[in-house]
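Comments concern the structure below.
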Amino acid sequence: LKNRFQEMNVPQKRITVKKSKEIIRLYIQSDLSRRQIASALQISRPIVTKTIDKWKESGKSWIELTDMKDSDFHVLLYPKIKPLGKADRLKEFFPQFAKELKKTGVTLQLLWEEYRIDNPDGLKYTQFCYHFQQWK
């Protein structure tokens, strides 16, 4: 049972740029359904659908894709989205913090304490002050 469970959780391999281009080519130039394309290329139908949808979102024509370097094609269809770090998320609040600091009795310490209530895993006070000063 343990081996079967481990096999079910094996991560899927990424498809190659060549295969991605082939998916789009077949979609454009043939009358094959997405299911038939998946079968012909021995990949899953959701991968075919995802690839076609990403291509449509890009707004690029087939001609533009064929002229593209493989690395550019890969970035176009599968851009890496860097998750925002704690400091990046905090920077969104800095304009409001600057306004608040102009009020009587408001300090960075107080703003940080309020920030930590909503973000218990957020930045410590020193880093909070550092990033605010860098922003300012």
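Points to keep in mind about this one:
- Scanning the range 16-32 for residues being small (Gly, Ala, Ser) and surrounded by fewer than 13 Cβ atoms within 10 Å (Cβ to Cβ) gives a total of 1.
- Neighbours by Cβ (under 8 Å, 6+ apart or cross-chain): first from the range 83-107, under 16 Å from residue 129 (Cβ atoms); second open to solvent by 80 Å² or more (accessible area, probe 1.4 Å) and among the hydrophobic types (A, V, I, L, M, F, W, C): 91/135; 94/135
The values are calculated or read from the model by the stated rules, or taken from the named source; none is laboratory data. The structure presented is a predicted model; accordingly, all values stated were derived computationally and were not measured. Positions of Cβ are generated from backbone atoms using ideal geometry, with glycine treated the same way; all protein chains shown enter the neighbour counts. With ligands, DNA and RNA removed, areas are computed over all heavy atoms of the protein, side chains included. Shrake-Rupley method; radii C 1.70, N 1.55, O 1.52, S 1.80 Å.
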